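Participant: Submitted below is the structure of interest, expressed as structure tokens.
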Amino acid sequence: MEAFESDGIFWLPGDEGNQVAGRVSFDPVAGTLLHLIGSFSGDGFRLDESPTPEIVLGVAGKRYMTLTGCSVKTRKFESPGFATEIYRARFLFAGHWLIDSPDPTFERMSIKFNNLYDWVERNAVSRELVFSNGRRNLVKATLILEPAEVEKCQGDGYEIALTGSWKIHGSEKNPGFEQDYSLRVSYDVPADFETVTGDLRILQDLITATSDAVSIPTDVTLYIPKEGAEDSQESREGVKLYGQQMPYPRAKEKKAHDMPLSLKGIGGLAAVAGWMGFMRDRRVLTGLLLSPIYGQMYVDNQFFNRVSAAETLHRMEFSNELRPADEYKNFRKMLVRYVPKNYRGWLSQQIVYSNEPRLRDRLGELAEFADIGSLIGCDARRWARTITEARNRMVHHDKGKGGGGSSAELYWLGESLKIVVLASLAKFSDFAEGAQAHLREAEDVVFMAGKVRQIIESQAT
């Protein structure tokens, strides 16, 4: 994900004979831009009529390039008579193999994250010191770098692996070593690009949620399916994926320190596979839950997002009916019959959603499921009532009841919602039994719990 820019030549799929010189640049925040000195249409006088290509191919910086999701930023015809075009691209593939399809498939991907080494909590470096004269003089010092064993876990249609790597830099006189880890996802059947990038975001959200610090991919390599007979297949090189990373500045601001949950804390790769399997159809939850971590926002918005995350999780995984549907249908008809005919249609529409649990009930049930008494040390119903009343006062603006709470109160209530949702997701994803204890004992969670208990007590008085 490091920024770069390279000069090269570019063309459209199937039209390699019409090559245009230009410069491609990538920045984690700004994304990918392609500056052409010329035009793919070849007619500078009718630039406005030129269609926007979906895919652009090229060679730059001694690498083949594929730009997808392209859109025109500017088109100009300038003196002394040449056209220039600037394109934005949603994704950039760089590597040996060109991708000429809008929906490529891949057999596996390998990802590095900025927080992965800290999250894994494994150090493959050890040292042996030999002393003489009663440990007064150091005779020999040996630094041992042990290759990390590849760990694997099978999921539903994919295999997740944790691999280690070493980077050696410096010189013989002043050597340096850097250890890192990668997560690898291998698919039983080649997966389309949307599935692959969706899984990438799921893993990114897992590390962000459990480390409580912005996690961004720093290196993504995708592998195209092999061609030919099984016994004659040649290993195809992977392509590097570049894409805009809006949380990039936040990742530079806050480093992971006191992680609520590490890889070991959640139960290893089995828990990663469980999270990935559960979250594939529920990415909207982490979008709402983690948006205050990935980007700056007002405390009010942060609070609303976390309330929405909790309510959405409850709607997805818990009952949305106070009475069985058939029973309520008959009950509703009975109520409507007791009013004059000219009001029956209105009443029927007014009570159509009255069989759903209220927000307070949803939050209370979710808090009990997450065992909020153990996590935060408060009663689930009182916690749910405090949050619901704060949310309702902000939404309805009832006269004489004041606002929803101070910024500090909304912040800490929002943080408690984050922990309750995370603890619930941990249960659904089959995290290790000790994950709850690790989460409860994290320094930030302990501090937050004290603040939330104070808020609940103050609301009661």
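The values are calculated or read from the model by the stated rules, or taken from the named source; none is laboratory data. The structure displayed is predicted, hence computed values, not measured ones. Neighbour counts run over all protein chains shown; Cβ positions are idealised from the backbone, glycine included. For accessibility, only protein heavy atoms count, side chains too; no ligands or nucleic acids. Shrake-Rupley method; radii C 1.70, N 1.55, O 1.52, S 1.80 Å.
Participant: With every protein chain present, what is the per residue accessible area of segment 238-285 (1.4 Å probe, Å²)? List each step's numbers first, then the result.
Facilitator: Details: 2110 Å² over 48 residues.
About 44 Å² of surface per residue is accessible.
Participant: Just to verify a number: what accessible area does Arg344 come out at with the full protein assembly present, 1.4 Å probe, Å² rounded to tens?
Facilitator: Counting only protein heavy atoms, Arg344 exposes about 80 Å² to solvent.
Participant: Could you rank Tyr158, Tyr353 by how accessible they are, 1.4 Å probe, largest area first? Intermediate results must be reported in sequence, preceding the final value.
Facilitator: Details: Tyr158 5, Tyr353 160 Å².
Sorted by accessible area, descending: Tyr353, Tyr158.
Participant: Near Lys341, which lysines are there with a Cα under 22 Å away, not counting those fewer than 8 places off in the same chain?
Facilitator: Lys329, Lys333
Participant: Write down the accessible area per residue of segment 19-154 in Å², having rolled a 1.4 Å probe over the full set of protein chains.
Facilitator: Using a 1.4 Å probe on heavy atoms only, each residue of segment 19-154 averages 57 Å².
Participant: Tell me the accessible surface of Ser458 in square angstrom (1.4 angstrom probe, heavy atoms of protein chains only), to the nearest ten.
Facilitator: Accessible area, nearest 10 Å²: 60 Å².
Participant: For a quick check: with amide H placed at 1.01 Å from N, whose amide H comes under 5 Å from Phe177's, ignoring anything fewer than 5 positions away on the same chain?
Facilitator: Correct list: His169.
Participant: Quick one: 3J(HN,Hα) in Hz for segment 15-31, Karplus 6.51/-1.76/1.60 with θ = phi - 60°, rounded, Gly and Pro as x.
Facilitator: Taking θ as phi minus 60°, the curve returns 9, 5, x, 9, 9, 10, 6, x, 10, 9, 9, 9, 9, x, 8, 7, x Hz for segment 15-31.
Participant: Can you give me the long-range amide H partners of Ala60? Hydrogens built in the peptide plane at 1.01 Å from N, cutoff under 5 Å, separation of 5 or more residues or another chain.
Facilitator: Those lying under 5 Å, H to H, from Ala60 are Met65.
Participant: Let me have the 222 nm mean residue ellipticity of the chain computed from DSSP H runs of 4+ only, each contributing -39500 (n - 2.57), with the sum over all residues rounded to the nearest 500.
Facilitator: Value at 222 nm, helices only: -12000 deg cm²/dmol.
Participant: On C-alpha positions alone, give me the angle between the axis of helix 359-369 and the longest principal axis of the chain, in degrees, nearest 10.
Facilitator: Around 70 degrees separate the two axes.
Participant: Between Asp379 and residues 5 or more places away or on another chain, which pairs have amide H atoms under 5 Å apart, with H built 1.01 Å from N, and which residues are they?
Facilitator: Placed amide hydrogens put nothing under 5 Å from Asp379.
Participant: Could you tell me which residue out of Gly274, Gly295, Ser319 lies farthest along the dipole of segment 259-332 toward its positive end? Charges go on the beta carbon: Lys and Arg +1, Asp and Glu -1, centred on the Cα centre.
Facilitator: Checking the options against the dipole of segment 259-332, the answer is Gly274.
Participant: Next up: Just in segment 307-354: which GluC sites (Glu not before Pro) are loop by DSSP and have at most 16 other Cβ atoms within 10 Å?
Facilitator: In loop regions of segment 307-354 (DSSP not H, G, I, E or B), the sparsely surrounded GluC sites (Glu not before Pro) are Glu321.
Participant: Nearest 10 degrees is fine. How inclined is helix 443-460 to the longest principal axis of the chain, computing both from alpha carbons?
Facilitator: Helix 443-460 and the main axis of the chain meet at about 30 degrees.
Participant: List the trypsin sites (Lys or Arg not before Pro) within segment 142-175 that fall in a DSSP loop (any state other than H, G, I, E or B) and whose Cβ has at most 10 other Cβ atoms within 10 Å.
Facilitator: Of the trypsin sites (Lys or Arg not before Pro), the ones in loops of segment 142-175 whose Cβ has at most 10 other Cβ atoms within 10 Å are Lys173.
Participant: While we're on this one: Which angle from 0 to 90°, rounded to the nearest 10, does the C-alpha axis of helix 407-428 make with the longest principal axis of the chain?
Facilitator: Once rounded, one gets 80 degrees.
Participant: Of Trp346, Trp11, which has the most accessible area with a 1.4 Å probe, and how do the rest follow in descending order?
Facilitator: Trp346, Trp11
Participant: Which ³J(HN,Hα) values, rounded to whole Hz and listed in residue order, are derived for segment 324-335 from phi using the Karplus coefficients 6.51, -1.76 and 1.60 in 6.51 cos²θ - 1.76 cosθ + 1.60 with θ = phi - 60°, glycine and proline given as x?
Facilitator: Going residue by residue, I get x, 4, 5, 5, 5, 4, 5, 4, 5, 4, 5, 4 Hz, with x marking Gly and Pro.
Participant: For segment 134-150, what does the Karplus curve 6.51 cos²θ - 1.76 cosθ + 1.60, with θ = phi - 60°, yield as ³J(HN,Hα) per residue in whole Hz, taken in order and with x for Gly and Pro?
Facilitator: For segment 134-150, the Karplus-derived couplings read x, 6, 8, 10, 7, 8, 8, 10, 10, 9, 10, 10, 9, x, 6, 6, 6 Hz, x marking Gly and Pro.
Participant: Here's a follow-up. Taking the Cα centre of the chain as origin and charging only Cβ (+1 Lys, Arg; -1 Asp, Glu), how large is the dipole, in debye to the nearest 20?
Facilitator: Dipole size: approximately 2020 debye.
Participant: Turning to a different aspect of this structure: Order Asp199, Asp188, Asp361, Asp212, most accessible first, counting only protein heavy atoms with a 1.4 angstrom probe.
Facilitator: Accessible-area ranking of Asp199, Asp188, Asp361, Asp212, largest first: Asp188, Asp361, Asp212, Asp199.
Participant: A further question on this structure: Using label points projected 7 Å from each Cα along Cα→Cβ, tell me how many nm separate Arg315 and Arg250, to one decimal.
Facilitator: Taking the simple label geometry, Arg315 and Arg250 are separated by 2.2 nm.
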